[in-house]
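Data first, discussion second: the structure below is written as structure tokens.
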Amino acid sequence: MSNDVGRFDDVMNYHPDHDWLEQYAAATLPAPLALIVAVHLGYCSVCRREVEALQALGGALLEQLAPVAVGDGLFERLMQRIDSEPAPAQPVVAVSAPSDVPKPLRRLVPQGFEALSWNWALPSLRVASLDSGDSRFQLALHRIAPGGRVAVHDHRGLELTQVLRGSFSDEDGIYGDGDFLQREPGQRHRPQATLNEECICLTLQAAPVRFTGPLMRLLNPLLR
Ligand SMILES: [Zn+2]
């Protein structure tokens with residue numbers, strides 16, 4: 001498929017919930033959540049169209065309300081304020097050469113993935129923490145070696161995963177470039193990268209994951 005937003009457009013199977021997109025369109029998501037949704041939009045024209053439609057709907061509602069609800073100059077001031085809102089409200093065009101880092105992430109990953117400091121977490125997993133700017137959320141890049149397995153873990157909080165490159169699977173499915181996964185607290189899973197290539201994901205956690213295998217419990221303090 002030919003378009004200007006990404007090589008993998010239209011092939012992903014897993015998307016953010018409609019609620020996330022609605023809040024994104026209304027610019028009411030906390031910044032780290034808006035960031036991960038923005039990265040998904042760079043890959044996914046289906047969700048991008050939905051956000052654009054929601055934003056158009058929001059604009060139309062404002063126009064309907066404006067004549068009766070506001071006085072002189074207020075509507076203009078309101079529109080100016082909306083125009084000056086930060087980036088998350090905007091449709092995002094991303095994923096381009098040369099850096100391979102999706103556009104919304106480039107402020108946090110200015111030199112590309114290789115330049116980050118990757119910490120060993122498990123034999124096949126390296127993790128690079130990113131500054132989410134919000135103490136309620138941990139933002140990180142996870143890098144699973146080709147064929148690598150990650151220990152079974154569950155979630156004490158919400159975990160969102162956006163696949164940036166490569167693919168992995170778990171008990172519930174196979175996830176490739178552009179897919180967006182949501183794990184609820186208490187869900188356990190064991191991700192495994194595909195054999196032929198490494199997998200890089202952006203993850204956002206509302207609370208640290210907890211590894212649950214017998215030996216893996218010992219690792220938990222290292223992963224905080
Ligand atoms: Zn989507």
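The values are calculated or read from the model by the stated rules, or taken from the named source; none is laboratory data. As the structure is a computational prediction, the values presented were derived from the model and not from experiment. FYI the Cβ positions are ideal-geometry reconstructions off the backbone, even for glycines, and counts take in every protein chain you see.
Things to note:
- Subset of region 35-46 [under 8 Å from the mean Cα position of the chain (by Cα) and within 15 Å of the ligand (Cβ to nearest atom)]: 36, 37, 38, 39, 40
- Single condition residue 130 does not satisfy, out of (1) at pLDDT 90 or above; (2) over 29 Å from residue 25 (Cβ atoms): (2)
- Residues of region 145-166 that turn out to be surrounded by fewer than 19 Cβ atoms within 10 Å (Cβ to Cβ) and free of Cβ contacts under 8 Å to residues at least 40 places away in the same chain, as a count: 0
- Complete set of residues in region 178-194 that are outside any loop (DSSP other than H, G, I, E, B) and either away from the ligand (no atom under 16 Å from the Cβ) or polar (S, T, N, Q) (or both): 182, 183, 188, 189, 192, 193
- Region 133-182, residues that are at pLDDT below 90 and acidic (Asp, Glu): 134, 154, 159, 170, 171, 172
- Tally, over region 97-135, of residues that are exposed (fewer than 13 other Cβ atoms within 10 Å of the Cβ), at negative phi and in contact (Cβ under 8 Å) with a residue 60 or more places away in the chain: 0
- Region 133-168, subset touching a Lys or Arg at 6+ places or on another chain (Cβ under 7 Å) and assigned to a strand (DSSP E or B), residue farthest from residue 30 (Cα to Cα): 149
- Tally of residues being assigned to a loop (DSSP other than H, G, I, E, B) and either at pLDDT 85 or above or more than 11 Å from the ligand (Cβ to nearest atom) (or both) across region 9-34: 10
- Subset tally (residues that are in contact (Cβ under 8 Å) with a residue 12 or more places away in the chain, surrounded by fewer than 17 Cβ atoms within 10 Å (Cβ to Cβ) and closer than 17 Å to residue 158 by Cα) for region 10-38: 4
- Look at region 39-65: where a residue is touching a residue at least 12 places away in the same chain (Cβ under 8 Å) and a partner is acidic (Asp, Glu) and away from the ligand (no atom under 13 Å from the Cβ), sitting 6+ places away or on another chain with Cβ atoms under 9 Å, you get 50/22; 51/22; 54/22.
- Some residue of region 95-102 being at pLDDT 90 or above and acidic (Asp, Glu): no
- Complete set of residues in region 47-58 that are crowded, with 17+ Cβ neighbours inside 10 Å and either more than 10 Å from the ligand (Cβ to nearest atom) or more than 26 Å from residue 130 (Cβ to Cβ) (or both): 50, 54, 55
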